[in-house]
1. Would you pick out the residues in the range 248-270 that are under 25 Å from Trp194 (Cβ atoms) and more than 11 Å from the ligand (Cβ to nearest atom)?
2. Quick test of your reading of the structure: Lys190 fulfils all but one of (1) surrounded by fewer than 16 Cβ atoms within 10 Å (Cβ to Cβ); (2) touching a Phe, Trp or Tyr at 6+ places or on another chain (Cβ under 9 Å). Name the failing condition by number.
3. What are the residues in the range 298-312 that are touching a residue at least 40 places away in the same chain (Cβ under 8 Å) and more than 13 Å from Ile208 (Cβ to Cβ), if any?
4. Applying the selection to the range 370-390, what residues are touching a Lys or Arg at 6+ places or on another chain (Cβ under 9 Å) and open to solvent by 20 Å² or more (accessible area, probe 1.4 Å)?
5. Restricting to the range 273-300, name every residue that is more than 25 Å from Gly356 (Cβ to Cβ), away from the ligand (no atom under 16 Å from the Cβ) and not hydrophobic (A, V, I, L, M, F, W, C).
6. Since Gln293 meets every condition but one in (1) open to solvent by less than 40 Å² (accessible area, probe 1.4 Å); (2) in a loop (DSSP other than H, G, I, E, B), which condition does it not meet?
7. Among the residues of the range 167-176, are any part of a helix (DSSP H, G or I) and either in contact (Cβ under 8 Å) with a residue 12 or more places away in the chain or not aliphatic (A, V, I, L, M) (or both)?
8. For Ser67, indicate whether it is open to solvent by less than 70 Å² (accessible area, probe 1.4 Å), hydroxyl-bearing (Ser, Thr, Tyr) and touching a Leu at 6+ places or on another chain (Cβ under 8 Å).
Amino acid sequence: MSERLDLHGKHIVLGLTGGVACYKSAEFVRLLTKAGATVQVVMTEAAQAFITPVTMQALSGLPVVTSQWDAREPNNMAHINLSREADAIVVAPASADFMAKLVQGRADDVLSLLCLARPRAACPLLVAPAMNREMWSHPATQRNVTALEQDGAMILGPGVGDQACGEVGDGRMLEPAELLEDLIAFFQPKSLQWLRVLITAGPTFEPIDPVRGITNHSSGKMGFALARAAAEAGAQVTLIAGPVHLPTPRGVQRVDVMTAQQMLDAVLPLATSQDVFIATAAVADWRPATLSQHKIKKEGKKVAPTFELTENPDILAAVASLPKPPYCVGFAAESENLLEHARAKLLRKQIPLIIGNLGPSTFGRDDNALLVVDAQAHHALPADGAPTDKLTLARALMQEIATRRQASKP
Ligand code: C5P
């Protein structure tokens, strides 16, 4: 997949405070710049005990700011200049001590000074704590976290796991890739804020015997991209996934299933409490009518075995026919006559929106071209019909879904 430039044009001030996790910030800078951002690193004195400004300058391509008395700034006001240029300040790692300083509005070093001096409406503050689990769970730190959130800062993490001190628990700084994903999500429009979105993804696997089954080519990539895009748009997302090997997008609740029946059983109890249901799963239409308890052996058999098939439940149609269904979106994977087939499915399943795509040209790939079809009209996404990466498409679809759902409300 080509490199995504999700932070193209963004200027990030990255503040480092004292903590072993400073070594992760080096990698974080690389990921930020790879994603298209420019990064100005600011380090406290304590941070410099863990990693040198030389390393951070080499990675960011800009001299690191370590003092409020930095004479390189023509007006000698680094704290004003830096925060006026930034699209966000990210403090990673944020020590317990630095968070306490932020809460108190103290400003005796360049980083706390520029956090205090930032124009709050234009320059958000994101804080990634990193500390020992006892320090993190201490009531003083927890009070400070609450106060920081009330003051408008966003707390990233922390993660759980092994700590540099040898203990295990809450307080690890998030991994650089997780920080990047959270920051990218932060900049996405919040078109589905607070809404609950349920998504099915991937194929289903219908067992014939303990080692064989019926399945299809769906990789789950489109559904997982939609789950990520919905979470980025502010939704609470539940993803019911068939057998795929894909990482769960951050902030998404995932339930793994194997068969169509299991998928239905996972979806139905949740469906009525959802605002939106998106069925991207390529559910097997049929399953073997009986499941052989043991492997069907070929030895000694002259004729190949035959299987009786029985129809699987239609999950999307079942949800759409609930008394108070969520806003339902279907997918139609076809090999020809996309519009005709998509519209027929829209009517058959009684849903307001269906997204058509050509299955054979997108299965397993990172890009796709969609046809957005509702009862009145249809249009290509992207408009020129040229295949685009699935996350970009998923983000655009979230906007479409949010607008249409809003318009469909009585
Ligand atoms: O019926 P068909 O497979 O052509 O329709 C595709 C749409 O219906 C997709 O959104 C798919 O996720 C959903 N579907 C379903 N349960 C099935 C079959 C399809 O939810 N058993």
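1. The first filter runs over the range 248-270 and keeps only residues under 25 Å from Trp194 (Cβ atoms), leaving 248-255, 266-270.
Passing the criteria: Thr248, Pro249, Arg250, Gly251, Val252, Gln253, Arg254, Val255, Ala266, Leu268, Pro269, Leu270.
2. (2)
3. Asn312
4. Going through the range 370-390, the residues touching a Lys or Arg at 6+ places or on another chain (Cβ under 9 Å) turn out to be 373-375, 378, 387, 389-390.
Asp374, Ala375, His378, Pro387, Asp389 - these are the residues of the range 370-390 that are touching a Lys or Arg at 6+ places or on another chain (Cβ under 9 Å) and open to solvent by 20 Å² or more (accessible area, probe 1.4 Å).
5. Residues satisfying the conditions are Ser273, Thr290, Ser292, Gln293, His294, Lys295, Lys297, Lys298, Glu299, Gly300.
6. (1)
7. Pass one, the range 167-176, residues part of a helix (DSSP H, G or I): 176.
Narrowing further to those that are either in contact (Cβ under 8 Å) with a residue 12 or more places away in the chain or not aliphatic (A, V, I, L, M) (or both): 176.
The answer is yes; a qualifying residue exists.
8. Working: open to solvent by less than 70 Å² (accessible area, probe 1.4 Å): yes; hydroxyl-bearing (Ser, Thr, Tyr): yes; touching a Leu at 6+ places or on another chain (Cβ under 8 Å): no.
No, not satisfied.
The values are calculated or read from the model by the stated rules, or taken from the named source; none is laboratory data. Not measured: the values here are computed from a predicted model. Glycine also receives a Cβ, built like all others from the backbone with ideal geometry; neighbour counts cover every protein chain displayed. For accessibility, only protein heavy atoms count, side chains too; no ligands or nucleic acids. Shrake-Rupley method; radii C 1.70, N 1.55, O 1.52, S 1.80 Å.
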